[in-house]
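Attaching a single structure in structure tokens format; questions to follow.
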Amino acid sequence: MESILFTPGKLGPLELRNRSIRSAAFEGMCPGNRVSTDLINYHTSVAAGGIGMTTVAYASVSQSGLSFDHQLWLRKKEVPSLRVLTNAVHREGAAAGIQIGHCGLMAKKALSGGVCLAPTGGFNLYGPTFPRTITKEEIRAIIRDFGMAVNNAREAGFDAVEVHAGHGYLINQFLSPYTNKRTDRYGGSFENRCRFMTEVIREVMAAARNNMTVVVKMNLRDGFRGGMEIEEAIEVAKILQSEGVHGLVLSGGFVSKAPMYVMRGSMPVNVMAHYMHETWMKPGVRLFGKILMKPEPFREVYFLEDAMKVREAVTLPLIYVGGLVSLENINKVHNSGFEFIQLGRALICDPSFITKLRSGIVTRSECNHANYCIAVMYSGKMACYQQEQNVPAKWVRQFETNS
Ligand SMILES: Cc1cc2nc3c(=O)[nH]c(=O)nc-3n(C[C@H](O)[C@H](O)[C@H](O)COP(=O)(O)O)c2cc1C
Ligand code: SF4
């Protein structure tokens, strides 16, 4: 019997040729916050590799939401080059999605117009940054920016937007009791902590009208004591369903507090320090990296248990992400009631993974969750050590011993 993976599926107004989506995984291919040929070629290669939909990662809706030099800023002037990207993806038979978000307290002031905004100001050790408390006027402006980003995405030919409400970025910073200590209508009770997200989603849904798919990537848990837990996440999922979004991507983790909860495994901090542009931060990363980026044990389909709790509580399409490397587990996820799956590292390792699964050439990915791709991400590139030339032999030994 053919795997559900290879059957078409409807996600909002969009029909995908199969149930696979390339998860938003930062490409680092937008120097000057602009689209590059590398970004276009990379997503074209993923589309040619058989994916149902590819997702351009982590595009900021506003200047104040930028945290990386090589991160896309989804402005009007990027529309023509993004149009080249979506046309190329469509020609390969895949759909094109784009993740939109705002990084809040992770902003890099040199890029973000000198501001770093958070639901509640204070020190962010991981940045390291000193964000200030965002005002109500700034909240309204960012909500409008989300709507404008959707309009730009439509004009550029995208079929879907994925709103980033997880991983400790701005929407998640409002949701989480750890980062939201406000006493106005945007903080305090659960209802108040959800208000910013709800207002963003209403703006996004209005801009998407009835002809663009809207999915939301949200946390099942923030991944540390004092953060959002599964009970509240289930309520968040119910709110998003009642707002009419077309699907939820269920993830977890918090970049400023529990980054490895997102991807599991350990961060090769020596590699990360080696590639960092900020030389003054290298010794700190070597010394304290393992404490700040605490390793989390990797097991396949590590979010499935919590994701099942959401599956039982809502009826809208759910997209499973996290630790999928084999056809066996992809089938298990589909048979557990998840309509779509997302793949991150399996596609960084091999953009043709889906085609190879389909033709039976492989049944599992070669990815061994060594997380070199995450360590180099901070230097503004996306690469798998298995494909890169000139990776030092001692690093290769390290990755293959740890896996
Ligand atoms: C190099 C890299 C960059 C990532 N960047 C993002 C990102 O920009 N936005 C996001 O929501 N998730 C990001 N992620 C997380 C992935 O989308 C995905 O949720 C996670 O890797 C788990 O899926 P996997 O086990 O299939 O890799 C990134 C992951 C990797 C490995
Ligand atoms: S660098 Fe490691 S974790 Fe990343 S895709 Fe390659 S094998 Fe997988």
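Throughout, read-outs are computed from the coordinates displayed, never taken from laboratory work. Just so it is clear, the structure is predicted and the values come from calculations on it, not from any experiment. Note: ideal-geometry Cβ built from the backbone for every residue, glycine included; neighbour counts use all protein chains shown.
Determine the calculated [θ] at 222 nm for the chain from helices alone, applying -39500 (n - 2.57) to every DSSP H run no shorter than 4 residues and normalising by the residue count; nearest 500 deg cm²/dmol.
Result for the chain, helices only: -11000 deg cm²/dmol.
Under 15 Å from the Cβ of P351, count the other residues' Cβ atoms, weight Lys and Arg +1, Asp and Glu -1, and hand me the total.
Overall, the nearby charge balance is -2.
For E312, put the label point 7 Å out on the Cα→Cβ axis and report which residues of the stretch 232-261 keep their amide N under 17 Å from it.
232-238
Same structure, new question: Using the 10 angstrom Cβ neighbour count as an exposure proxy, how do Y126, Y372 rank, fewest first?
Sorted ascending by nearby Cβ count, the order is Y126, Y372.
Follow-up question, since we're still on this one. Express in nm, to one decimal, how much length is gained between E235 and S45 on full extension, taking 0.36 nm for each residue of separation and deducting their alpha carbon distance.
In short, 64.6 nm is gained.
Would you order D159, D184, D38 from fewest to most other beta-carbon atoms within 10 Å of each residue's own beta-carbon?
With the sparsest Cβ surroundings first, the list reads D184, D38, D159.
What is the order of C103, C367, fewest Cβ neighbours within 10 Å to most?
Sorted ascending by nearby Cβ count, the order is C367, C103.
Another question about this same structure. Residues in the stretch 64-106, backbone N under 18 Å from the label point at E2 (7 Å along the Cα-to-beta-carbon vector): list them, ranges by number please.
93-95
So if we plug the beta-carbon distance of R364 and F288 into 1/(1 + (r/R0)^6) with R0 = 30 Å, what FRET efficiency do we get, rounded to 0.05?
Step by step, r from the Cβ atoms, then E = 0.30.
Hey, another quick one. Would you work out which of N210, A141, P128 lies farthest towards the positive end of the dipole of the chain, given +1 charges on the beta-carbon of Lys and Arg and -1 on that of Asp and Glu, about the Cα centre?
P128
Using unit Cβ charges (K, R positive; D, E negative) and no other charged atoms, how large, in debye to the nearest 20, is the dipole of the stretch 249-397 about its Cα centre?
Value, rounded to 20: 420 debye.
So how strong a dipole does the stretch 176-278 carry about its Cα centre when Lys and Arg Cβ are +1 and Asp and Glu Cβ are -1, to the nearest 20 debye?
60
Calculate the spin-label point distance for K109 paired with T133, positioning each point 7 Å from the Cα along the beta-carbon direction, and give it in nanometres.
Once both label points are built, they end up 2.0 nm from each other.
Of the peptides 388-394, 112-118, how do they stack up when ordered by the mean number of other Cβ atoms within 10 Å, highest first?
Top to bottom by mean Cβ count within 10 Å: 112-118, 388-394.
How would you rank 137-143, 318-324, 56-62, 210-216, highest first, on the average number of other Cβ atoms within 10 Å across their residues?
56-62, 318-324, 210-216, 137-143
If the cut-off is a Cα-Cα distance under 21 Å, which lysines reach K309, setting aside same-chain residues fewer than 8 apart in sequence?
Filter leaves K217, K238, K332.
Please work out whether the chain counts as rounded, prolate or oblate from its C-alpha gyration tensor, where a ≥ b ≥ c are the square roots of the eigenvalues and a/c under 1.5 means rounded, while otherwise a/b larger than b/c means prolate and anything else oblate?
Because its axes are fairly even, with a/c under 1.5, the chain counts as rounded.
With +1 on each Lys and Arg Cβ and -1 on each Asp and Glu Cβ, how big is the dipole of the chain about its Cα centre, in debye rounded to the nearest 20?
Dipole about the Cα centre, nearest 20: 660 debye.
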